[in-house]
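Take a look at the structure below.
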Amino acid sequence: MLLRSTSRLSPLLGLRSISSLPHQHQLTKLSLSSSIRRCNISGLKFKRTRTATSYRHPRHHHPTLALANCIYAGRYPEHIISPQTSSIHTSPSSHWLNREVPESPVPLDIENAEMSVTERYGAPYQEQDQNEVNELIKALSDGSKRGKKEGFSCRKSEYDVDHSKLSVVSWKFQDWDYKKRDLPTKARGLFTLKAAGGNSMIVARGYDKFFNIDEVEQTKWSWIGQNTKAPYEVTMKENGCIIFISGLPDGNLLVCSKHSTGARADASKSHSVVGEGWVEQQLKKVGKTREQLAKFLYNANATAVAELCDDSFEEHILAYEGDDAGLYLHGVNLNLPVFATWSGPQVHAFADDWGFKKIEVFEKETASELKEFLEGVGESGEWNGRAVEGFVIRCKARHGPNDPEWHDWFFKYKFEEPYLMYRQWREVTKAIISGRQPKVKKHKQITEKYMTYAREQLRKNPAIGKAFQNNHGIIAMRDGFLASIGTSGHEIVKAEEAAGEDGKAKSLVLVPIATIGCGKTTVALGLVKLFGVGHIQNDNITVKKGKPQAFANAIVTALNEHPICVADRNNHQKRERDQLFRDINQLNPDVDYVALHYVHYKRGEDVISKIREKNQQRIFDRGDNHQTIHSGTGSNQEIIGIMEGFIQRFQSLDIESDPDSQFDLVIDLDPLAESRENLETVVSKLYEHYPYLLGEEMPSAEDLDEASRWALSDYTVGLKHVIGKSGSSSNAKPSREQQPQKGKEKAAPQPKSGGKQKQPAVEYYEIRLRSPPINAALDQALLTKPSDIKQFYMQLKGSRRVQAKFHITMVHRANAKKQADLWDHYEKLRQETPDGKDMDELEVKLERVVWDNRIMAIQASLVDSKGHECGNEFMHITIGTADSTVKPKESNDLLKTWSENRDNLEAVGIKEVLLGKDGEGIVTPGLLNPAMAR
C-alpha cells in the first residue's frame, strides 16, 4: 500500500516495545509508547542520521517511516510503505514515554519546528491523518444538524480570523455531553478549517474535558488507584479564562477563547482580543514576533494553551495584578482528534523560549501520596504561601484493567471553601446592584454582614456598582470587607465549623432527574416507608393555572412537617429545575437540594435503547396503577409516544452551570437497576451527608427489602388523569384511596366531613385598591431614580415579591377587643350592607413610598373619611417584603421609625420618595369591604 504523506503515520506501524526488536533494529534514543499494537516488522533496518531516523524495508525501495510516536527526532520522506499493516490502526492516543527535556537541547529552529519539538523540547510530534480528520468533521457536522434526542448534538459557529482571509469553525458540545462515551472527540475547544482540495484540518485544540474529584465514576479515588499510573504531574489551578494559540496555513497567528475568536459585538473587548494583546506583549520581551510563533506552532501541529489572568480586564476569584498578570502557559496539545499533550517540563521549556508565564509543576509518585497532599493543602487553603483554588492533575490512564493502552488523562481537585463563599458574595453583590433578591444558601451570618458592608460601599460610591457588573472591583470589595472585620476567608470557615455553624441543612428537597418509568416514585415511596419523608407528586397537583408554583407551594408546606421532601416529578429539563429552585427559594431559601440523577448516558449511546426498553417494561407491568400513564386501558403506541417525548427532551445534569450548579449533592442512579438497588444508594448517600435528618440507625437490608416491596406492591394511587404528548394533564378524577401507610411513615391528614359547615369569620376590614394605578405610580416614582434609590424596588420586582393585590387594613380581628368601638362600627356597617354590595366607596391619597432593606410601604390618607377611621397609627399599603420571613405587619414598625427619625432617615436605613407631580400625592378610588378568614 503506497501512501503519499509526510506524516500519515499512526495507523501504519505499531511496536509493542523497543526491547522486543532484534538487536540490530534497536535504537538508543527513541521515545516509544507502551501501548502501540504489534505489527509485522520483520526485515526492517534502521538508518540513523542527525535529524532523522528512517526505516527501510529490503523488499521496497521506498523508505518506510515509523509512527511518529516511536521517533525521537526526524524529518520524513514524502512516501512511506507499510508492509502487511493495512488492517492495523493505532489510535493517536498512543503516547510517548519520554517526558523530559533533552540534557543538551539543540538551538530553537523556527524553520524546522519538527526537529525543535523533538530534539529541543523532547516532545511528541505527529501530523494529522487526513482521513481521520475528515471523518471527525463529518461526525461533528452530523451532530450539528441533529437535536439532543439522539446521541449528542454540537453547535457549529464560523469566525473570520483577524489579519487573515481565512475563517475557522468552532465546535461546541453541551457540557453534559462530555459524560457520554460516543462523542467523536472529547476536546473542549476545537477549531477547524477547510484546507485545499476540500479536506479539513484542525487548527486549534483544547484539552479533553476533565472532571473534579468524585464528580464522575472515573474521578473516584478507587478508580484512580486502579486505572492510572505515575508520575502524577500536579499543577496549580490558575484562575482566569482559557486561551488557545496556534498557527494557520497562511502564516497568521490564531488566538481563541474556548469557543470563539476575534472581537465580539456584545463586549468592548473579547477574551481572545485581550489574549492576543498579551501574546504580542510577551513575544516582544523575548525578541520574537507573532509570525514566528504562528509558523512554529503550525509546523509543529500544536496548540499552546494558556490561562489569561488579568484583573484589569476581568476579575475572577484570585487576584492577578501588575507583574502577576499575563498569559500562564499550562499546556501544548497536538492538533489531533484524540488527546495528546506535552509534559510539564516540556511546556516550561516552550514557555521560556516564547515569553509565557509558567505555572508551577511538581510530581507525586503514587495515588495515595497524591491524595494525602491534596487533602493536606485543603486544610490550610494555601500552598507555597499562595491562596490556591485547586490543582489539575495530569497522568496516564486506561479505560479499565483489561485495557492495554495508556493515554494522557487529566482530572482536577478543587477546594470548596472559602471559594464557594467568595462566589456567593460576588453573586449577592450583583443581585443587590441589579435590584434582585440575593440568594444566601450558606455562611448566612457572615454573608449578611458582607451585604451590609457592600451596600454601604455602593451607597458611598455608585460607580462601584457599574464596575462590579463588568467584573471589576470584586476582589477589592471582598478584601475590604475581610480587612474591616480583621480576618481571612479560611478563618471564617474554620470558626463556623468550630461553632457548629457548618451550614447544616434544616430542610432537604430531593429532586429526581428522570424519564417516565425509571422508578423515581418507587424510590420516593420507599423513603416514605422508611423515614416518613414528605412526598409531593406533581401528578396530584390538579390546578388549571400556575401548576409549577402550586407544586413548589406544596413542597414548602410539606417541609413545615417533614425535614425532607421528595419533589416527585421528572424534572428532565433544565427549565423545570430552574423553575423549581426559583419558586421554592422565594418561599423558603433555607433549603438544600439533592439531585436523584438517573444517568442516561453513562455507558454510551446504546444505553438509551436499553433504558427505553426497561422503562416500557416497567410501565406495562404496572398497568393502570399510575396517575397519568394507564397502560392497562390506554393505547400502547400512544403511551410509548408519550414516553419517547420525555426521553427526547431529557437534559442530563450539569453541575458546572446554572441551574444545576444549585444542587448541594448529586446522587447518580442507574435507570437500568432495580428500584431496591437505587433505594439503597439513595439511603446510603443521605446517611453519608445528612445523617442528622434521618435518625441514628441506618435501615437494615430487611428494612430496605420491605420498603421496596411495599412501594411496588401495596401502594395504589389515589388520583388519576390523562397526560398528553406535551406533558400536560387533564381530566383529573379521584380513584381508589391510597392504601394506609405502615411502619414509620406519616399518613396525610384527612379532611373532616359531615355536619353543618361553619361560616367564615371576618379577618379584617380593608379598603381594596386597583393594582395598575399603584404599580404605575411606583414605576414612575422609582425607576427613574439612581440605582441606590430604585434598588430595593427592583429587587422586589425581580424576585416577584411585590404584592399582586393591594389594600389598606382599617382594623384587624386581632385588635377587636382593644379597638372595640372601631370593630363594632365596621361590623354594624357590614350587617347593614346588602349582599353583593360594597360597604362604601372611598378616595385614597397615596402620599409617599417608604422602605428599608426588609419592607416597602406607601403611606396613605383618605380624601374624605366619611366617618371611617383606621386602627393603625399610619394608614398604609404594604407593597412587598424582602422574603417570606418578613411579615406585612412590619409596615407599622417601618412607618413609626420613619415618623420618629424624619430629620435623619439615613441613620436608620430608611428611604422615602414623594408620589405624584411635585410630590402632591396621587388620588385613587378604593372599596371598603370585609376580608374573610380562609
Report task. Among the residues of segment 407-427, count how many are in a loop (DSSP other than H, G, I, E, B), in contact with a helix residue (DSSP H, G or I) (Cβ under 6 Å, 6 or more places away or on another chain) and farther than 18 Å from Gly480 by Cβ. Result -> 2
Report summary line: Heads up, the helices (runs of 4 or more DSSP H) in segment 500-600 (entirely inside) with at least 2 residues that are surrounded by fewer than 21 Cβ atoms within 10 Å (Cβ to Cβ) and either at negative phi or in contact with a Leu (Cβ under 6 Å, 6 or more places away or on another chain) (or both) are 547-559, 574-587
Report summary line: For Ser787, the lone unmet condition from (1) within 30 Å of Asn461 (Cβ to Cβ); (2) of a type in the set (S, T, N, Q); (3) crowded, with 20+ Cβ neighbours inside 10 Å is (3)
Query raised in the report: Out of (1) more than 21 Å from Arg455 (Cβ to Cβ); (2) crowded, with 18+ Cβ neighbours inside 10 Å, what's the single condition that is false for His825?
Result: (2)
Query - Subset of segment 358-391 [assigned to a helix (DSSP H, G or I), among the hydrophobic types (A, V, I, L, M, F, W, C), in contact with a Phe, Trp or Tyr (Cβ under 8 Å, 6 or more places away or on another chain) and within 15 Å of Met236 (Cβ to Cβ)] - result: Leu370, Leu374, Val377
Query raised in the report: Across segment 203-235, what is the number of residues that are among the aromatic types (Phe, Trp, Tyr) and either over 30 Å from Leu193 (Cα atoms) or touching a Cys at 6+ places or on another chain (Cβ under 6 Å) (or both)?
Result: 3
Report summary line: Considering residues that are part of a helix (DSSP H, G or I) and in contact with a helix residue (DSSP H, G or I) (Cβ under 8 Å, 6 or more places away or on another chain), the number found within segment 446-473 is 15
Query raised in the report: If only one of Ser675, Ser609 is small (Gly, Ala, Ser) and at pLDDT 80 or above, which one is it?
Result: Ser675
Report task. Could you tell me whether segment 161-170 includes any residue that is among the hydroxyl-bearing types (Ser, Thr, Tyr) and either surrounded by fewer than 19 Cβ atoms within 10 Å (Cβ to Cβ) or in contact with a Gly (Cβ under 6 Å, 6 or more places away or on another chain) (or both)? Result -> yes
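Matching residues to (1) at pLDDT 90 or above; (2) of a type outside the set (D, E, K, R):
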{"residue": "Pro345", "(1), (2)": "yes, yes"}
{"residue": "Phe350", "(1), (2)": "yes, yes"}
{"residue": "Glu360", "(1), (2)": "no, no"}
{"residue": "Glu369", "(1), (2)": "yes, no"}
{"residue": "Phe373", "(1), (2)": "yes, yes"}
{"residue": "Glu379", "(1), (2)": "no, no"}
{"residue": "Gly385", "(1), (2)": "no, yes"}
{"residue": "Ile393", "(1), (2)": "yes, yes"}
Report summary line: Flagged in segment 231-252 as assigned to a loop (DSSP other than H, G, I, E, B) and in contact (Cβ under 8 Å) with a residue 60 or more places away in the chain, in numbering order, are Lys237, Glu238, Asn239, Gly240, Leu248, Pro249, Asp250, Asn252
**Report entry** Complete set of residues in segment 885-912 that are outside any loop (DSSP other than H, G, I, E, B), in contact with a helix residue (DSSP H, G or I) (Cβ under 8 Å, 6 or more places away or on another chain) and surrounded by fewer than 17 Cβ atoms within 10 Å (Cβ to Cβ)
**Finding:** Thr897, Leu905, Val908, Glu912
Query raised in the report: Right, Phe210: surrounded by fewer than 21 Cβ atoms within 10 Å (Cβ to Cβ) and in contact with a Lys or Arg (Cβ under 7 Å, 6 or more places away or on another chain) or not?
Result: yes
Report summary line: Per the list (1) under 19 Å from Leu796 (Cβ atoms); (2) assigned to a loop (DSSP other than H, G, I, E, B); (3) more than 40 Å from the chain's Cα centre (by Cα), residue check on Pro834 breaks on (1)
Query - Filtered residues of segment 162-182 (kept if modelled with pLDDT of 90 or more and hydrophobic (A, V, I, L, M, F, W, C)) - result: Leu166, Val168, Val169, Trp171
Query raised in the report: Which members of segment 913-923 meet the condition of being surrounded by fewer than 19 Cβ atoms within 10 Å (Cβ to Cβ) and either at pLDDT 90 or above or at negative phi (or both)?
Result: Val913, Leu914, Lys917, Glu920, Val923
Query raised in the report: Among the candidates Ala882, Ala857, which residue alone is within 22 Å of Lys790 (Cα to Cα), at pLDDT 95 or above, of a type in the set (Gly, Ala, Ser) and in contact with a helix residue (DSSP H, G or I) (Cβ under 9 Å, 6 or more places away or on another chain)?
Result: Ala857
Query - Residue in segment 259-285 that is surrounded by the fewest Cβ atoms within 10 Å (Cβ to Cβ), counting only those that are assigned to a loop (DSSP other than H, G, I, E, B) and in contact with a Ser or Thr (Cβ under 9 Å, 6 or more places away or on another chain) - result: Ala263
Query raised in the report: Before we move on, is Val286 out of contact with any strand residue (DSSP E or B) (no Cβ under 7 Å at 6 or more places or on another chain), over 30 Å from Gln130 (Cβ atoms) and of a type in the set (Val, Ile, Thr)?
Result: yes
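The values are calculated or read from the model by the stated rules, or taken from the named source; none is laboratory data. These numbers come from a predicted model, not from an experiment. Ideal geometry is used to build each Cβ from the backbone, glycine not excepted, and the neighbour counts take in all protein chains shown.
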